[in-house]
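The values are calculated or read from the model by the stated rules, or taken from the named source; none is laboratory data. This one's a predicted model, so the numbers in the text were calculated from it and none came from an experiment. Positions of Cβ are generated from backbone atoms using ideal geometry, with glycine treated the same way; all protein chains shown enter the neighbour counts. When the accessible area is computed, the model is the full protein with side chains, heavy atoms only, and any ligands, DNA or RNA have been set aside. Shrake-Rupley method; radii C 1.70, N 1.55, O 1.52, S 1.80 Å.
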Amino acid sequence: QLLARFIDAAQSAAPLGDLVQLAVLFLLASLLLQVALVAEAYLGGDLGLLATNRLRAHLALHVLGLDLAFHNARTPGELIERVDGDVGSLSNFFSRFAVQMVGNGLLLLGVLVLFFTIHIWIGAAMLAFTLISLVAINALRRVGEPYWDRARQTSAELFGFLEERLAATEDVRANGATAYVLQQLYARMRVRFRADVLANSLGVSNGSLTIALFAVGTAISLALGAYFHLLGALSLGGV
């Protein structure tokens, strides 16, 4: 809006003082945005560490309270990866998810309201496009969930294997099983690699879909803006 006012004021040969005032307001808004981003990153990181550390403590206490049948079926390395690795992967979720969801939700709402103030049909079209985009992104996210679950499981299994074999290094060497252990390690690494490739491929697809939808939305907004601008110019000329 500040840029639009600046351009309109410049085209209408407004006084230089008005243009300078708009430019200063724009710079102040940009500066406040950078300060808010730094504060959000700091507070989000601090909150993420506090939340994940508490979750690690609760999860470790829960695991220690389980019966021996559970511990016999799970290696120590797998439990470490689950308690620390999986929780570490949630750090960004705890630290910035809520802030980003609220912030982006307010931004989306504000943009849609602005579109409706410009023209009701532009607002209606962008609202419909937003709903379709949300449905498409959510559908692709649901497709990728099992693959990410599998990727985390293979990671836990690999670390469990490593912990067990490293703890039994003397026995492995004494029995001449080094080549066998390496063969088993390569097999587990191959399984994890394939699982990670599939999960990350879907993750990249989700990001690519978001970028594509953003480009489509930009094209639609520009096309609608140009159409109604020309329509308004034609009606004014007719009058």
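Do the conditions hold for G225, that is, is it of a type outside the set (A, V, I, L, M, F, W, C) and either assigned to a loop (DSSP other than H, G, I, E, B) or closer than 27 Å to A136 by Cβ (or both)? Walk me through it before giving the result.
Details: of a type outside the set (A, V, I, L, M, F, W, C): yes; either assigned to a loop (DSSP other than H, G, I, E, B) or closer than 27 Å to A136 by Cβ (or both): yes.
Judged against the criteria, G225 is a match.
Collect the residues in the range 131-152 that are of a type outside the set (A, V, I, L, M) and touching a residue at least 40 places away in the same chain (Cβ under 8 Å), keeping them in residue-number order.
Of all residues in the range 131-152, those of a type outside the set (A, V, I, L, M) come to 133, 138, 141-142, 144-150, 152.
Across the range 131-152, the qualifying residues are S133, R141, G144, Y147, W148, R150, R152.
Please work out which residue is most open to solvent (accessible area, probe 1.4 Å), limiting yourself to the range 42-85 and to residues that are among the β-branched types (V, I, T) and in contact (Cβ under 8 Å) with a residue 40 or more places away in the chain. Walk me through it before giving the result.
Quick first cut of the range 42-85, residues among the β-branched types (V, I, T) only: 52, 63, 75, 80, 83.
Then keep just the ones that are in contact (Cβ under 8 Å) with a residue 40 or more places away in the chain; that gives 52, 75, 80.
Working: T52: 3, T75: 43, I80: 106 Å².
Looking at the filtered set, the residue picked out is I80.
Table: residues versus (1) modelled with pLDDT under 85; (2) within 21 Å of the chain's Cα centre (by Cα); (3) over 22 Å from L222 (Cα atoms).
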{"position": "W121", "(1), (2), (3)": "no, no, no"}
{"position": "L127", "(1), (2), (3)": "no, no, no"}
{"position": "V135", "(1), (2), (3)": "no, yes, yes"}
{"position": "N138", "(1), (2), (3)": "no, yes, yes"}
{"position": "R141", "(1), (2), (3)": "yes, yes, yes"}
{"position": "G144", "(1), (2), (3)": "yes, yes, yes"}
{"position": "D149", "(1), (2), (3)": "no, yes, yes"}
{"position": "N175", "(1), (2), (3)": "no, no, yes"}
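Just for helices (runs of 4 or more DSSP H) wholly inside the range 86-188: which have at least 3 residues that are of a type in the set (V, I, T) and surrounded by 16 or more Cβ atoms within 10 Å (Cβ to Cβ)? Explain how you work it out, then say what you get.
Working: elements: 98-118, 120-167, 169-174.
By residue number, 120-167.
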